[in-house]
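Just so it is clear, none of the values below were taken in a lab; they were calculated from the coordinates. Given the structure is predicted, the values throughout are model-derived calculations rather than measurements. A quick note on method: Cβ atoms are made from the backbone with ideal geometry, for glycine too, and the neighbour counts reach across all protein chains shown.
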Amino acid sequence: MAFKIIVCAKQVPDTNVIKINPATGTLIRDGVPSILNHDDNNALEEALKIKDKYEDVTVTVVSMGPPQAADMLFECIAKGADEGILVSDRAVGGSDTWATSNTLEAAIRKWEKLNGPADLIFAGRQAIDGDTAQVGPQIAEKLDLPQVTYVEEFEISDDLKEITVKRQLEDGYELIGIKTPCMLTAIKELNEPRYMSMAGIFGKKDIKVWNAADIEVDLNKVGLLASPTNVYRSFTPAPKAPGQKVAGDTENEQAKNLLVQLKGKHII
Amino acid sequence: MNFQLTKEQEFVRKMVREFAVNEVEPLAADIDKEHRFPVETVEKMAKYGLLGVPFPTQYGGAGGDHISYAITVEELSRVCASTGVICSAHTSLCCWPIFNWGNEEQKMKYLPDLLSGKKLGAFGLTEPNAGTDASGQQTRAELVGDKWILNGAKVFITNGGYADVFVVMAMTDKKKGNHGISAFIVEKGDVGFSIGKTEDKMGICASSTTELIFQNCEIPADRLLGQVGDGFKVAMSTLDGGRIGIASQALGIAQGAFDVTVEYMNARKQFGKKLSQFQALQFQMADLKTKIEAARLLIYRAADMKDKHMNYGEAAAMAKLFAAETAMEVTTKCVQYHGGYGYTKDYPVERMMRDAKITEIYEGTSEVQRMVIAGKTFKK
């Protein structure tokens, strides 16, 4: 029986080029290209590596978003995923993390109803537009799956049952053993994502678009009105002043110069 | 009429742009300086299917179209024209004639390895005394028993030093002139076949341009491509398609030079203003941008006609003529707008200007393109 992997992915505005409207405090999305969220790309890559290595592995990418997010699923399939599922419905628009994870939970349950239980669910740590890092863990809770976040190294046993991951911490890492089925969230250190391939770009694309009714979700649990949190204010943080390099040929001289400068500014 | 790229074509651009910026651009200045053929890049292009874009999947191709192929060469050439021509010569000049003129056995024997990039291809038509006048072929092929024996030499062969499969023209019946030329598939390692001198060129320095030498080169009879006497047709039809590739290379060079110049003009200040704030320069750049876009449309049209099996020879000649001359004009002016810095190797426009020149020469000089277009205009 196939080993079934689900990857949760999000289409996000490319934050390298995005700006915030200072008057309204909202993101200026006009003309900003949409991309596959970086951490989700790492999640997909790890799933595809399993598919490359073992036979009979399927990779399904699940996303929630506007209809144009199908383009991101196109990209995921062009990289090697088998199918894409997009949950797109005005009823789920404006969802916060809680309402989003309700939606994705319902979509995954629906998918499992049709295809059998997923063996492994990957997500990115967080999306570059919201930076909450909440949706992955919430999905795992709601699906009652064990989870490990911030995965920077991944190894799976040949019977595809035992996984060992290295979980990044601020000052080190944890080495954790976990059994499938489970949910993992990926960070960029996990791998180097592949490009799309030409054959993938021109190959068959299995992209399904589901609405709220299709995933049989409780409409009181999704969308803007059902969201317990909302954005109070967005702002561009003031850029930090550039650092200053302390000159000096030797360490002693540098220390001396630093001392002179600090004293000169009455800091010490 | 439809001027929109398909979703697939847009994703080809996105994919090749990412690939080119990450894998090709960082090497471009070094391989130019060292005159080094980027073997590692060819392997990566193979891995992602960039060496078999416009061919059906049954032969190991990506199942793409010729606009996607044009975009591929364009995006590679935007950062490195040498890498662009490796892809173009392989695809247009070796894979295509085998795909179009080969019999089923030849296609199944050669295309899967070529299209997957396991093997690299090249094309041999030009000789020391048969350049634009390709009919003056002196390389001879004689059928002796069940073998063809080739004697002669080819020059200026792109990918020469690194190719595994060569499509080579040779005279089988001198009396018949053009109709006496035949096409053959020669493999690296064939007895009597060797690579001669590698050219030291002005531009596309990382591309391997070599002589091919045939000294009683023996190849089996089944290496004949097409029928005896088809060679000139094979060569001319191949070059029609090759012109789309070289036009795309020229387009990529022009776009690359333009893009880095826009960036430079936004950063460089003189007389208290950014260069981009001088209207004289703005207008010049507006003209260049317009010409680049016109070249792009001519190329995509020719590629589209090829996909639709229309007669696209004149369209390809126009595309190649215009794109090559645009590349030369754009790169020359972009060097000028960079001032002294543009003349140094610290900025890529210097390399791009040297690379642009070849697009006015190979796969038919600009004069040949005008002959093709005039020939269609004043048809007897």
Does segment A:237-257 contain any residue that is in contact (Cβ under 8 Å) with a residue 12 or more places away in the chain and either within 14 Å of chain B (Cβ to nearest Cβ) or in contact with a Gly (Cβ under 9 Å, 6 or more places away or on another chain) (or both)? no
Selection from segment A:60-78 of residues that are away from every other protein chain (no Cβ under 14 Å), closer than 14 Å to A:Glu45 by Cα and of a type in the set (A, V, I, L, M): A:Val61
Return the residue satisfying two criteria in turn: it lies in segment B:35-61 and is in a helix (DSSP H, G or I) and without any contact (Cβ under 8 Å) to a residue 60 or more places away in the chain, and of such residues it is nearest to the other protein chains (Cβ to nearest Cβ). B:Thr57
Every residue from segment A:169-200 that is in a strand (DSSP E or B), crowded, with 18+ Cβ neighbours inside 10 Å and in contact with an Asp or Glu (Cβ under 7 Å, 6 or more places away or on another chain): A:Ala186
Filter result (within 12 Å of chain A (Cβ to nearest Cβ), without any contact (Cβ under 8 Å) to a residue 40 or more places away in the chain, of a type outside the set (D, E, K, R) and surrounded by fewer than 15 Cβ atoms within 10 Å (Cβ to Cβ)) within segment B:7-34: B:Asn22
Please tell me if B:Lys201 is surrounded by fewer than 21 Cβ atoms within 10 Å (Cβ to Cβ), within 23 Å of the chain's Cα centre (by Cα) and closer than 18 Å to B:Thr132 by Cα. no
Within segment A:138-168, tally of residues that are part of a strand (DSSP E or B), out of contact with any Gly (no Cβ under 7 Å at 6 or more places or on another chain) and closer than 30 Å to A:Ser95 by Cα: 7
Considering segment B:251-297, residues that are of a type in the set (Ser, Thr, Tyr) and within 23 Å of B:Cys80 (Cβ to Cβ), and then whichever is surrounded by the most Cβ atoms within 10 Å (Cβ to Cβ), we arrive at B:Thr261
Which number in (1) away from every other protein chain (no Cβ under 12 Å); (2) under 30 Å from B:Glu105 (Cα atoms) marks the one condition that B:Gln4 misses? (2)
On the basis of being more than 20 Å from A:Met198 (Cα to Cα) and basic (Lys, Arg), does B:Lys118 make the cut? no
Which condition does B:Ile71 not pass, out of (1) buried (at least 24 other Cβ atoms within 10 Å of the Cβ); (2) facing chain A (nearest Cβ under 8 Å); (3) among the β-branched types (Val, Ile, Thr), if it passes all the others? (2)
Close pairs from segment B:356-373: first under 16 Å from B:Val155 (Cα atoms), partner among the β-branched types (Val, Ile, Thr), Cβ under 6 Å, at least 6 apart: B:Ile358/B:Ile204; B:Glu363/B:Ile246
Only one of these conditions is not met by B:Tyr300: (1) out of contact with any helix residue (DSSP H, G or I) (no Cβ under 8 Å at 6 or more places or on another chain); (2) surrounded by 12 or more Cβ atoms within 10 Å (Cβ to Cβ). Which number is it? (1)
Answer yes if at least one residue in segment A:120-127 is touching a helix residue (DSSP H, G or I) at 6+ places or on another chain (Cβ under 8 Å), of a type in the set (Phe, Trp, Tyr) and surrounded by 23 or more Cβ atoms within 10 Å (Cβ to Cβ), and no otherwise. yes
Test A:Val165 against the stated conditions and say whether it is away from every other protein chain (no Cβ under 14 Å) and either in contact (Cβ under 8 Å) with a residue 24 or more places away in the chain or of a type in the set (Gly, Ala, Ser) (or both). no
Can you list residue pairs whose Cβ atoms sit under 6 Å apart, with the first residue in segment B:277-295 being over 24 Å from B:Ile71 (Cβ atoms) and the second being in a helix (DSSP H, G or I)? Count only pairs 6 or more apart in sequence or on different chains. B:Leu281/B:Leu275
Odd one out for A:Pro137, checked against (1) within 20 Å of the chain's Cα centre (by Cα); (2) within 14 Å of another protein chain (Cβ to nearest Cβ): (2)
State whether the residues of segment A:83-103 include one that is under 25 Å from A:Val165 (Cα atoms) and surrounded by 23 or more Cβ atoms within 10 Å (Cβ to Cβ). yes
